[in-house]
Amino acid sequence: MRPRIALLNAAHDGGDNRRNFRRELDADLVEYDVTERELPDTFAFDGCLVTGSRASVYWDEPWIRELESWVTDAVDRNIAFLGVCFGHQLLAHALGGTVEPMDEYEIGYRTVDHDGENELLAGVDESFTVFTTHSDRVAEVPPGATTFAENDYGIHGFRKENVFSVQFHPEYDPETAETVTKGKDDQLADERIEAVLDGVTEANYRAACEAKQLFDNFTEFAARYAGDVTGATTAADD
């Protein structure tokens, strides 16, 4: 049975997120536009995914605080979570970690290293290519969490029990990489943007496709974890 997953879409224009995650996740997705303050009225999901966003988690905006509150409750109810970029930072912040602005924007196809021990990246080379775009970072993971992926810009992945998160964008296709890069013209010099666009090649995209394995790994974990939690609850009720 395909897991039922809440897609908490944090993009202000969510079309790319919708296309990319629906392509990559073998699951029954129920989408919520959280920037419009749409949140589930149930916790009846096998897993949840919080997407990227142009927002920062420390902004004082009602939708961010409401999302963080719902996410905290859902994590406490033992629902499996995956955070991507903004979602990575939101989960860190919600669980007691530290998120801060960076001195330098990370953008483009980059190399990330992982420890080879975390099941989210099972089947992915310990040094792998991904597309990155962020100006905030998780400076400290939440208490009790374990960092499993990093590069020279900082933390790119952590896990705490039923929560996984990654800073990079495994869901991106070349179209999204180009659109996002061109949209940074108010933050980055033209030369930097052109250099990143030059790197949006078929070869780099093919290399980055290896990291898409994490979506299958997560959906398998979510289905298994939901079954374990349900079984434990049933046993406790007997």
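Calculate, in nm to one decimal, what Thr111 and Glu126 gain on full extension: separation in residues at 0.36 nm each, minus their alpha carbon distance.
Result for the pair: 4.4 nm of gain on full extension.
Filter the GluC sites (Glu not before Pro) in the stretch 94-145 to those in DSSP coil with at most 15 other Cβ atoms within 10 Å of their Cβ, and list the result.
Taking the stretch 94-145 and a limit of 15 other Cβ atoms within 10 Å, the loop GluC sites (Glu not before Pro) found are Glu117, Glu126.
Percent of accessible area on the chain owned by carbon and sulfur, 1.4 Å probe?
Here carbon and sulfur together make up 43 percent of the probe-accessible area.
When Cα extents along the principal axes in Å is calculated directly from the model, which label among (i) 66, 44, 40; (ii) 45, 41, 34; (iii) 65, 39, 32 fits?
So the structure-derived entry is (iii).
Among Ala139, Leu8, Tyr205, flag the residue with its Cα farthest along the positive direction of the charge dipole of the chain, charges on Cβ as +1 for Lys/Arg and -1 for Asp/Glu.
Leu8
What share of the DSSP beta bridges in the chain is antiparallel, in percent to the nearest 5?
Details: 24 of 42 bridges.
Within the chain, antiparallel bridges account for around 55 percent of the total.
Helix check for the chain. Which DSSP H runs span at least 15 Å along their own axis by Cα, with a mean Kyte-Doolittle hydropathy no less than 0.0?
none
Find the accessible area per residue for the chain; the probe is 1.4 Å, ligands and nucleic acids are left out, and the unit is Å².
With all protein chains present, the chain gives 45 Å² per residue.
How big is the gap, in Å, between the Cα center of the stretch 73-95 and the Cα center of the stretch 1-58?
12 Å
For a quick check: with amide H placed at 1.01 Å from N, whose amide H comes under 5 Å from Phe168's, ignoring anything fewer than 5 positions away on the same chain?
Those qualifying (amide H under 5 Å, at least 5 residues apart or on another chain) are Cys85.
Taking Cα pairs under 8 Å and at least six residues apart, what relative contact order does the chain come out at, in percent?
Here the relative contact order equals 21 percent.
I'd like the accessible area for Asp13: 1.4 Å probe, protein heavy atoms, all chains in place, Å² to the nearest 10.
For Asp13, the solvent-accessible surface is approximately 130 Å².
The values are calculated or read from the model by the stated rules, or taken from the named source; none is laboratory data. The model shown is predicted, which means the values in this text are computed figures rather than measured ones. Counting neighbours? That spans all protein chains shown, and the Cβs are built from the backbone with ideal geometry, glycine included. With ligands, DNA and RNA removed, areas are computed over all heavy atoms of the protein, side chains included. Shrake-Rupley method; radii C 1.70, N 1.55, O 1.52, S 1.80 Å.
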